[in-house]
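**Q** I'd like to ask some things about the structure below.
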Amino acid sequence: MRPAGWVRVARGAWRRALAVLGVALLAAWPSAASAQPADPLAGATELRGGRFTVVHFAPEARLARSVLDAALARDTFPGLPRLADSVRIVLAPDQRTFRALVGDGAPDWGGAFAFPGERLIVMQGRDAGADAGDPLVTLRHELAHLAIGEALRGARVPRWFDEGYASYAAGEWDRSEVLATSVGLIWRGLPSLAGLDSAFYAGSERAQRAYALAHHAVAELASIDQERGLALLIGYWREEGTFERALRQAYGLTGADFEKRWRSKVRRQFGILALAADLSVLSAFLVFLLGPLWWQRRKRLQERLARMRAADAAQEARERESALAALLGETPDSSRTGGSRPPD
């Protein structure tokens, strides 16, 4: 066969190969498009008790039992009636499963998330880092989110109250330490309650300060009525539908009145501590910045004092020499050159 014939054969074979490949891709395309992502909970086990179901994998079996026992042992929340909704708690065995369950919109620093509409809590399992905190305290915090969601279903709940109540119900009183050493509390000032809502999404540092302030606000609300705590407020909130009307009915306060009271108390309680902490940081910075200048000045002063002491010592020596010469009846010049004695 001539070379031109070989070229035609090769071209024909190449076209047939492309056609076969195209048919194969078209045949595979529908199945690829219809493929569903793998279920992140495939192979998990359910542990049930009361209104709670804990979903876990084998490595989290012991933690799952502790979580279920803790949920059953403390199934009431401050100011709320007995709850009835079923709750599903999922323990993610690793970070990949955790992110798949909570979604891309969840903050990276969160160790657990509650979804009140689904009556679902997703927590990190035993491989969670130290920043995830005590898992049982975290569980209580997330359960409180579901509890307030069930109690005030249909009412608008500000984010600051939702997070503050969850922290208050979980007993997270150590959050106040954030305020006692907060640089932002002094330099950026105290945000409004409404301003706290956006701070929960503004990064880990600002979010931690927002959690602490929200906790303090809810604790302040509970302290207004020493006998009933939050029960009266939440009862009116369920009836009236808004926090403002419930606050007026329960305590005779407007939202502005309460916010003024809260801000004043936070400044009194934490402002001095935060300022002291800031002054300590500022002092350390000034020492680091001005230390070399101070050391050079101190060294020059020491050298000057040494010269002055040497001059004083020389002057004292001369004065002693003059006094001794006068005592012996010698002139300073003769005493130095060994001149003859004066006549008798």
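**Q** Among the candidates Leu221, Leu275, which residue alone is at pLDDT below 85, closer than 29 Å to Arg175 by Cβ and under 29 Å from the mean Cα position of the chain (by Cα)?
**A** Working: Leu221 fails: at pLDDT below 85.
Every option except Leu275 fails the conditions.
**Q** Enumerate the pairs (first residue in the stretch 133-158 and touching a residue at least 40 places away in the same chain (Cβ under 8 Å); second residue anywhere and in a helix (DSSP H, G or I) and surrounded by fewer than 17 Cβ atoms within 10 Å (Cβ to Cβ)) with beta-carbon separation below 8 Å, excluding pairs fewer than 6 apart on the same chain, so at least 6 apart or on different chains.
**A** Pairs that qualify, where the first residue is touching a residue at least 40 places away in the same chain (Cβ under 8 Å) and the partner is in a helix (DSSP H, G or I) and surrounded by fewer than 17 Cβ atoms within 10 Å (Cβ to Cβ), are Pro135/Ser66; Leu136/Ser66; Ala151/Arg238; Leu152/Arg238; Ala155/Arg238; Pro158/Ala194.
**Q** For the stretch 151-175, how many residues meet the condition of being in a helix (DSSP H, G or I) and buried (at least 17 other Cβ atoms within 10 Å of the Cβ)?
**A** 13
**Q** Filter the stretch 114-145 down to the residues that are part of a loop (DSSP other than H, G, I, E, B) and of a type outside the set (Lys, Arg), then identify the one that is least open to solvent (accessible area, probe 1.4 Å).
**A** Gly125
**Q** Another question, if that's okay. Of these, Pro40, Pro78, Pro59, which one is over 27 Å from Leu230 (Cα atoms), touching a helix residue (DSSP H, G or I) at 6+ places or on another chain (Cβ under 9 Å) and modelled with pLDDT of 50 or more?
**A** None of the others qualify; the one that does is Pro40.
**Q** Among the numbered conditions (1) open to solvent by 10 Å² or more (accessible area, probe 1.4 Å); (2) within 20 Å of Ala166 (Cβ to Cβ), tell me where Ala61 comes up short.
**A** (2)
**Q** Let me ask something additional. Quick one: Gly103 ticks every box in (1) open to solvent by 10 Å² or more (accessible area, probe 1.4 Å); (2) touching a helix residue (DSSP H, G or I) at 6+ places or on another chain (Cβ under 9 Å) except a single one, so which number is it?
**A** (2)
The values are calculated or read from the model by the stated rules, or taken from the named source; none is laboratory data. Note that the structure is a prediction, hence the values are computed from the model and not measured. Cβ coordinates were reconstructed from backbone atoms using ideal geometry, including for glycine residues, and neighbour counts include every protein chain displayed. For the accessible areas, the whole protein counts, side chains as well, though only heavy atoms, and no ligand, DNA or RNA atoms are used. Shrake-Rupley method; radii C 1.70, N 1.55, O 1.52, S 1.80 Å.
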